[in-house]
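Presented below is the structure to which this report refers.
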Amino acid sequence: MFLSKEDLKLGYGVDLEIGKFLVDRKVPVGNLYWKKRLLYLLPMPGYIFIPLFTDIEYRLGLPKSELLSEKHFQLVESILHSAATLEFTTMSFEEHIRDCVELTRPVCRNPAFLQDLVYYFGGQKDKASIALGTPFKALNRADAYLFSLCYFPFSDETKKKLVDAWYALITYYLIIDDLEDIKSDFEKNEENAILESAFKEDSVQKIKALMARSFEVMSRVNPVLANRIEYKNQVTDINAIITNFLQRQKK
C-alpha cells in the first residue's frame with residue numbers, strides 16, 4: 001500500500017512538506033533497514049514513525065530546513081541500517097551502540113545529549129542529565145534512534161519535550177506491536193513488553209499507565225495522533241489479551 005503526503009496529513013497531522021519529502025525519498029542503496037523494499041515509506045510502524053517523529057521535532061521547534069537536510073537523513077538512515085544489522089546479523093548490542101556513536105560524532109552539534117546517550121546505553125543512566133528509558137526493556141529497543149537528535153542544538157527545556165514525545169510515540173507503537181505479536185514473539189523468544197508484563201503482578205498497570213502517558217504527552221504536541229492513541233487505548237483490553245495468551249499456553 002502506498003502512503004501519500006495527504007494520507008500523512010489527514011491521518012496523522014504530518015506537515016505536508018515533511019510528508020512529501022519522505023514519500024518522495026528514494027530507498028537508500030545497500031541499507032538493511034530497507035532491504036527488499038521498493039518504497040521509502042510503508043504503512044507499517046517501523047517506517048511510519050519516521051515522518052511522525054520528524055513532524056514532532058518540527059512542532060517542538062527544530063528547524064524544518066535542517067530536519068529535511070541530506071546530512072540529517074543520512075545520519076537517520078545510517079542509524080537504522082545499524083539497527084537492522086543488529087537484528088539480522090551477528091553484531092552485538094554493544095557494537096551497535098559503538099557504531100551509532102561513531103556515526104553521530106562527525107555531525108554532532110549537541111555533545112551534551114550525546115554524552116547522555118553514552119551514559120544511558122552504557123548502563124549509567126543515572127549520570128545522564130535527563131531520564132531515559134522505560135520500565136520495560138522491550139520498550140527501549142528502538143532508542144538508538146535518539147542519536148539522530150544529536151544533529152541539533154537545543155535547550156534543556158526542548159530536550160525534555162523531545163524525549164517525552166519520543167517515548168509517547170514509540171511506546172505506543174511498540175506496545176501495539178507487542179500485543180499483536182505476543183504469540184510469535186513467545187515462540188521465537190524475542191523481546192516483547194507484554195510478555196514481560198504477563199508474569200508480573202503489577203506490570204499490566206504499568207503498561208496501561210504508559211499508554212495513558214502517551215496520550216497525555218501527544219495531546220500537547222499532535223492532537224491528531226493523540227486521537228489515534230486514545231482510540232486504541234479505549235478498544236484494547238490488555239488484560240484479556242494476556243489472559244487469553246496464558247490460557248492457550250496451558251493447553
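The values are calculated or read from the model by the stated rules, or taken from the named source; none is laboratory data. What you see is a predicted model; the values in this text were computed from it and never measured. Neighbour counts are summed over all protein chains in view; Cβ atoms, including those assigned to glycine, are modelled from backbone coordinates with ideal geometry.
Restricting attention to segment 1-33, report how many residues are touching a residue at least 40 places away in the same chain (Cβ under 8 Å), part of a helix (DSSP H, G or I) and buried (at least 19 other Cβ atoms within 10 Å of the Cβ).
Looking only at that region, the number is 3.
Identify the single condition in (1) assigned to a helix (DSSP H, G or I); (2) within 25 Å of Asn227 (Cα to Cα); (3) at pLDDT 95 or above; (4) not aliphatic (A, V, I, L, M) that Gly46 does not satisfy, given that it satisfies every other one.
Condition not satisfied by Gly46: (3).
Which residue, of Val107, Val118, is at pLDDT 95 or above, of a type in the set (Val, Ile, Thr), on the phi < 0 side of the Ramachandran plot and touching a helix residue (DSSP H, G or I) at 6+ places or on another chain (Cβ under 6 Å)?
On the way: Val118 fails: touching a helix residue (DSSP H, G or I) at 6+ places or on another chain (Cβ under 6 Å).
Of Val107, Val118, the one residue that is at pLDDT 95 or above, of a type in the set (Val, Ile, Thr), on the phi < 0 side of the Ramachandran plot and touching a helix residue (DSSP H, G or I) at 6+ places or on another chain (Cβ under 6 Å) is Val107.
Would you tally the residues in segment 89-99 being closer than 18 Å to Pro28 by Cβ, out of contact with any helix residue (DSSP H, G or I) (no Cβ under 6 Å at 6 or more places or on another chain) and part of a helix (DSSP H, G or I)?
Going through segment 89-99 one residue at a time, the tally reaches 0.
Kindly list, by first and then second residue, each pair from a residue in segment 152-165 that is closer than 22 Å to Ser214 by Cβ to a residue that is among the hydroxyl-bearing types (Ser, Thr, Tyr), limited to pairs with Cβ atoms under 9 Å and residues at least 6 apart or on different chains.
Cβ pairs passing all conditions: Lys159/Ser129.
Got a number for residues in segment 133-171 being assigned to a helix (DSSP H, G or I), within 9 Å of the chain's Cα centre (by Cα), within 13 Å of Ala193 (Cα to Cα) and not hydrophobic (A, V, I, L, M, F, W, C)?
Residues in segment 133-171 being assigned to a helix (DSSP H, G or I), within 9 Å of the chain's Cα centre (by Cα), within 13 Å of Ala193 (Cα to Cα) and not hydrophobic (A, V, I, L, M, F, W, C): 2 in total.
List the number of the failed condition for Glu102; all other conditions in (1) assigned to a helix (DSSP H, G or I); (2) in contact with a helix residue (DSSP H, G or I) (Cβ under 9 Å, 6 or more places away or on another chain) hold.
Every listed condition holds for Glu102 apart from (2).
Select from segment 99-121 the residues that are more than 13 Å from Pro153 (Cα to Cα), surrounded by fewer than 19 Cβ atoms within 10 Å (Cβ to Cβ) and charged (D, E, K, R) and list them in ascending order.
Passing the criteria: Glu102, Arg105.
Within segment 213-251, take every residue that is of a type in the set (D, E, K, R) and over 24 Å from the mean Cα position of the chain (by Cα) and give me the one that is nearest to Asp7 (Cα to Cα). Working first, answer last.
Let us first name the residues in segment 213-251 that are of a type in the set (D, E, K, R), namely 213, 216, 220, 228, 230, 232, 237, 248, 250-251.
If we keep only those that are over 24 Å from the mean Cα position of the chain (by Cα) as well, we get 248, 250-251.
On the way: Arg248: 38, Lys250: 43, Lys251: 43 Å.
Per the criteria, the residue is Arg248.
Given the conditions (1) without any contact (Cβ under 8 Å) to a residue 12 or more places away in the chain; (2) assigned to a helix (DSSP H, G or I); (3) within 18 Å of Asn140 (Cα to Cα), which single one is not true for Gly123?
Result: Gly123 fails condition (2) only.
Is segment 58-77 home to any residue that is assigned to a helix (DSSP H, G or I), in contact with a Cys (Cβ under 9 Å, 6 or more places away or on another chain), touching a residue at least 24 places away in the same chain (Cβ under 8 Å) and not acidic (Asp, Glu)? Show your work before the answer.
Here is the first cut: in segment 58-77, the residues assigned to a helix (DSSP H, G or I) are 58-59, 64-67, 70-77.
Okay, now just the ones that are also in contact with a Cys (Cβ under 9 Å, 6 or more places away or on another chain), so 75.
Narrowing further to those that are touching a residue at least 24 places away in the same chain (Cβ under 8 Å): 75.
Restricting the remaining residues to those that are not acidic (Asp, Glu) gives 75.
Yes, there is a match, as at least one residue in segment 58-77 is assigned to a helix (DSSP H, G or I), in contact with a Cys (Cβ under 9 Å, 6 or more places away or on another chain), touching a residue at least 24 places away in the same chain (Cβ under 8 Å) and not acidic (Asp, Glu).
Pairs please, first residue from segment 90-107 and aromatic (Phe, Trp, Tyr), second anywhere and part of a helix (DSSP H, G or I), Cβ atoms under 8 Å, 6+ apart in sequence or on different chains.
Phe93/Leu86
Just checking, how many residues over segment 123-146 are loosely packed, with under 13 Cβ neighbours inside 10 Å, modelled with pLDDT of 95 or more and not acidic (Asp, Glu)? Reasoning before the result, please.
At the first step, the residues of segment 123-146 found to be loosely packed, with under 13 Cβ neighbours inside 10 Å are 123-124, 126-127, 137.
Pick out the ones that are also modelled with pLDDT of 95 or more and you get 123-124, 126-127.
Those left that are additionally not acidic (Asp, Glu): 123-124, 127.
Of the residues in segment 123-146, 3 are loosely packed, with under 13 Cβ neighbours inside 10 Å, modelled with pLDDT of 95 or more and not acidic (Asp, Glu).
Based on this model, can you work out whether Ser184 counts as farther than 27 Å from Lys161 by Cβ and at pLDDT 80 or above? Give the steps one after another, and end with the answer.
Numbers: farther than 27 Å from Lys161 by Cβ: yes; at pLDDT 80 or above: yes.
Yes, satisfied.
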